[in-house]
Amino acid sequence: MKFMWTKLLINLTFVLTLLSCRERFPAQVSIADEEYDKMLKKLLSHSVEEILPKAITEDYLVLDAREKSEFDISHLPKSQWVGYDDFDISRINQINKDQKIVVYCSVGYRSERIAEKLKKEGFNHVSNLYGGIFHWYNQGFPLENDQGQTHNIHGYNRTWSKWIKKGNISY
């Protein structure tokens with residue numbers, strides 16, 4: 001009888017561990033939009049930890065790896081712009097290397113590259129927002145700009161903006 005309870009406890013622990021991994025490693029799970037998820041799994045190299053929007057908490061520093069014009073239209077609340085083409089590590093020199101960081105862009109490709117650079121610079125807890133700002137907004141999470149909350153979102157270009165399901169798309 002004791003063996004059966006031990007086995008049950010081990011199995012339950014295993015299942016709970018798998019469920020917690022689904023939150024932290026979305027490349028191993030699917031998001032709501034299967035086509036989008038399929039595209040992301042091919043596009044991204046999955047070289048850094050990936051995180052879903054609902055797993056981001058207040059203790060994360062959120063970095064935007066898009067161009068400044070994209071950031072100005074809208075961004076995740078409390079995010080800091082760091083750029084992509086003109087990314088410079090000096091923009092975040094003051095940040096503690098043990099700070100939890102999540103980097104995002106439109107879909108996750110540019111942010112993955114910036115996250116890799118941060119890891120090489122010695123930042124210990126860097127994640128990529130799986131699906132980027134497009135997935136964030138499609139899931140109902142808010143966007144803001146200098147005027148406050150907004151429904152405007154930069155679509156990157158007409159090819160990529162097809163993944164945005166709501167809001168006012170700008171270029």
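Bear in mind these aren't lab numbers, they're just calculated from the coordinates by the rules spelled out. Here the structure is a predicted model, which is why all the values come from computation and not from measurement. A quick note on method: Cβ atoms are made from the backbone with ideal geometry, for glycine too, and the neighbour counts reach across all protein chains shown.
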What FRET efficiency, computed as 1/(1 + (r/R0)^6) with R0 = 35 Å and r the Cβ-Cβ distance, is obtained for Gln80 and Lys38, rounded to the nearest 0.05? 0.70
So, in nm, how far is label Asn96 from label Ser47 when the simple model puts each one 7 Å beyond its Cα toward the Cβ? 2.8
State, as an integer percentage, the relative contact order of the range 63-171 based on alpha-carbon contacts under 8 Å between residues 6 or more apart. 28
Does the range 26-171 classify as rounded, prolate or oblate by the C-alpha gyration tensor (a ≥ b ≥ c root eigenvalues; a/c under 1.5 gives rounded; else a/b over b/c gives prolate, otherwise oblate)? oblate
In nanometres, what is the gap between the two model label sites at Glu58 and Asn145, each 7 Å from Cα along Cα-to-Cβ? 2.8
Expected sort for 102-108, 90-96, 68-74 on mean C-beta neighbours within 10 Å, highest first, is 102-108, 68-74, 90-96
Given 124-134, 143-153, 109-119, 76-86, the highest-first ranking by average Cβ count within 10 Å works out to 124-134, 109-119, 76-86, 143-153
